[in-house]
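Asks: Right, I'll just put the structure down here and ask away after.
Values quoted throughout were computed directly from the atomic coordinates according to the rules given, and no laboratory measurement underlies them. Here the structure is a predicted model, which means the values were calculated and not measured. For neighbour counting, all protein chains shown are included, and Cβ atoms are generated from backbone atoms with ideal geometry for every residue, glycine included.
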Amino acid sequence: MAKAALLTAVPPVMVRSEANPDGIPKEVFDGFRAALTANRAQFYRDVPSGPFYGFNRDGAEVSQGLIDNWWRQGMARGAKAHYDGIAAFSETDFTQDLQSITVPVPILHGEDDQIVPIENSAHKAIKLVRNGELKTYPGLSHGFFATHPDVVNADLLAFARK
């Protein structure tokens, strides 16, 4: 592998712990699991309709197509895998993985990411990657790759051409 890119990525670790005191409380992720268990179909409507794409922000241009596609993808996959995936993305500590990366890595992250707050992820990850480059997007959400593909794809292409 010659290069890699991290877009709105969770590393190094999301959940609050003794080692990560400014992380997100586990209760937040317990709430995700509870919502998924209570009404999976509604969970897959609520998340993209709000925080994932930032459609809950004033002035947001809502895309019903993106919401419907997120729902379709969620309902087409296994509920148990998604339930377990919440623990995997929130509780796994990727610190050593980040430190072991030697190839160039752009870390691209929306500054208004309500799912994976930039302070708890990209701002920490860039300090761990040897050959990293942090690129942030003011006002953009976790799903910025789908809401603003023209911006993100241009940056990825420029990086690939370096």
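Asks: Quick check: Cα centre of the range 79-134 to Cα centre of the range 25-69, how many Å?
Replies: Taking the Cα centre of each part, the range 79-134 and the range 25-69 sit 20 Å apart.
Asks: Normalized C-alpha radius of gyration of the chain, against 2.2 N^0.38 Å? Don't skip to the end; give the middle numbers.
Replies: Working: Rg = 16.1 Å, N = 162, 2.2 N^0.38 = 15.2 Å.
Cα-based Rg divided by the globular estimate yields 1.06.
Asks: Once fully extended, how much extra length lies between residue 61 and residue 79, figured as 0.36 nm per residue of separation less the alpha-carbon to alpha-carbon distance?
Replies: 3.5 nm
Asks: Quote the FRET efficiency, to the nearest 0.05, computed for residue 26 versus residue 162 with a Förster distance R0 of 41 Å and r equal to the Cβ-Cβ distance.
Replies: So the FRET efficiency works out to roughly 0.55.
Asks: What list of ³J(HN,Hα) couplings, whole Hz, do you get for the range 57-63 from phi and the Karplus terms 6.51, -1.76, 1.60, once you set θ to phi - 60° and write x for glycine and proline?
Replies: My calculation for the range 57-63 gives 8, 4, x, 5, 8, 6, 10 Hz in order.
Asks: A further question follows. Provide Rg and Dmax in Å for the range 3-49, with only Cα atoms included in the calculation.
Replies: Here Rg and the maximum Cα pair distance are 13.9, 41 Å.
Asks: As a footprinting exposure proxy, order 63, 90 by other Cβ within 10 Å, with the fewest listed first.
Replies: 63, 90
Asks: Multiply the residue separation of residue 131 and residue 151 by 0.36 nm, subtract the distance between their alpha-carbon atoms, and state the gained length in nm to one decimal. Please report the intermediate quantities before stating the final value.
Replies: Details: separation 20, 0.36 × 20 = 7.20 nm, distance 2.24 nm.
Full extension of this stretch gives 5.0 nm more.
Asks: Quick one: if the Förster radius is 22 Å, what FRET efficiency do residue 40 and residue 4 give, using the C-beta to C-beta distance and rounding to 0.05? Walk me through the intermediate numbers first.
Replies: Details: r = 32 Å, r/R0 = 1.46.
Efficiency for this residue pair is about 0.10.
Asks: In whole Hz and in residue order, list the ³J(HN,Hα) couplings for the range 97-102 that follow from phi through the Karplus curve 6.51 cos²θ - 1.76 cosθ + 1.60, θ = phi - 60°; x for Gly and Pro.
Replies: My calculation for the range 97-102 gives 4, 4, 5, 8, 6, 10 Hz in order.
Asks: What is the sum of charges, Lys and Arg at +1 and Asp and Glu at -1, for the other residues whose Cβ falls under 12 Å from the Cβ of residue 135? Present the calculation step by step, with values, prior to reporting the outcome.
Replies: On the way: positive: none; negative: 111, 133, 155.
Here the count lands on -3.
Asks: How large is the dipole of the chain about the Cα centre if only Lys and Arg carry +1 and Asp and Glu carry -1, each at its Cβ, rounded to the nearest 20 debye? Working shown, then result.
Replies: On the way: 16 positive and 19 negative charges, 104 e Å.
About 500 debye.
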